[in-house]
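The values are calculated or read from the model by the stated rules, or taken from the named source; none is laboratory data. Note that the structure is predicted; figures quoted are calculated from it, not measured. As a convention, Cβ positions derive from the backbone with ideal geometry for all residues, glycine included, and neighbour counts pool all protein chains shown.
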Amino acid sequence: MRVTEAEFVKSAIEPRALPKDGRPEIAFVGRSNVGKSSLMNHLLGRRGLAKTSATPGKTQLLNYFSINRRYYFVDLPGYGFAKVPKAVKDRWARVVTDYLTNRVPLELVVVLVDSRHKPSPLDVELLELLDAAERPAVVVATKADKLKSSQRARQLKALREGLGLDVDALLIPYSTVDNRGRKELWAVLDEVLEPNEQADE
């Protein structure tokens with residue numbers, strides 16, 4: 001897809017505040033500080049569109065971005081080691097679980113994991129939730145440029161095993177530094193969004 005327009009639309013947390021126009025949505029989710037905002041900016045070719053921060057837990061709402069006025073990218077709150085009160089974490093968990101389970105326009109979930117580390121139990125739980133909800137998902141291993149080539153294959157194998165992915169399940173190593181994985185991820189997104197393109201013609 002050629003991105004001609006990408007803009008921030010709104011932040012929301014309550015279901016009633018989410019967009020009601022029915023546009024297809026692609027959600028991005030992963031541990032705090034895994035690089036969701038950086039990946040979205042890189043994917044869209046729009047520096048600074050999604051706000052990045054070195055502070056885990058910066059994203060505390062569901063942030064909606066309109067793409068070509070036809071789709072939404074949704075940046076979900078990170079989970080894991082964010083230094084926020086437990087009550088806030090619990091609220092995030094409820095909001096994200098409800099969104100991933102019940103949101104009708106949601107077409108695909110992009111699950112981000114850090115390529116340098118073993119998957120956490122929360123990563124595994126997330127994939128189990130998506131599987132139970134029958135939500136299509138693709139796993140992207142971020143910060144792949146930080147691994148030496150000799151480490152990369154071994155680490156990706158460990159991620160695949162730790163997440164319980166099938167042998168043929170797609171696992172995309174991604175780097176915003178050397179553009180690794182951008183084309184492959186767009187191929188997945190195009191495959192998901194193409195039927196909607198055809199329906200609009």
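Some points to look at:
- Residue identified as closer than 14 Å to L156 by Cβ and touching a residue at least 40 places away in the same chain (Cβ under 8 Å) among V109, V139, V113, V96: V113
- Within region 139-161, not a single residue is at pLDDT 95 or above, touching a Pro at 6+ places or on another chain (Cβ under 7 Å), buried (at least 18 other Cβ atoms within 10 Å of the Cβ) and closer than 13 Å to V29 by Cβ.
- On inspection, L171 fails the criterion of being touching a Ser or Thr at 6+ places or on another chain (Cβ under 9 Å) and in contact (Cβ under 8 Å) with a residue 24 or more places away in the chain.
- Scope region 101-130; condition under 27 Å from P195 (Cα atoms), part of a helix (DSSP H, G or I) and out of contact with any strand residue (DSSP E or B) (no Cβ under 8 Å at 6 or more places or on another chain); matching residues: T101, N102, E128, L129
- Test set (1) at pLDDT 95 or above; (2) surrounded by fewer than 16 Cβ atoms within 10 Å (Cβ to Cβ) - V177 fails condition number: (1)
- Long-range neighbours under 8 Å by Cβ, at least six apart or interchain, first residue closer than 30 Å to E184 by Cα within region 1-20, second among the basic types (K, R) and in a strand (DSSP E or B): P19/K10
- Restricting region 18-34 to residues that are farther than 19 Å from P136 by Cα and out of contact with any helix residue (DSSP H, G or I) (no Cβ under 9 Å at 6 or more places or on another chain), the residue that is surrounded by the most Cβ atoms within 10 Å (Cβ to Cβ): V34
- Among residues of region 6-17, those that are of a type outside the set (D, E) and within 16 Å of R91 (Cβ to Cβ), counted: 6
- Of everything in region 71-91 that is within 18 Å of V110 (Cβ to Cβ) and not aliphatic (A, V, I, L, M), the residue that is modelled with the lowest pLDDT is G80.
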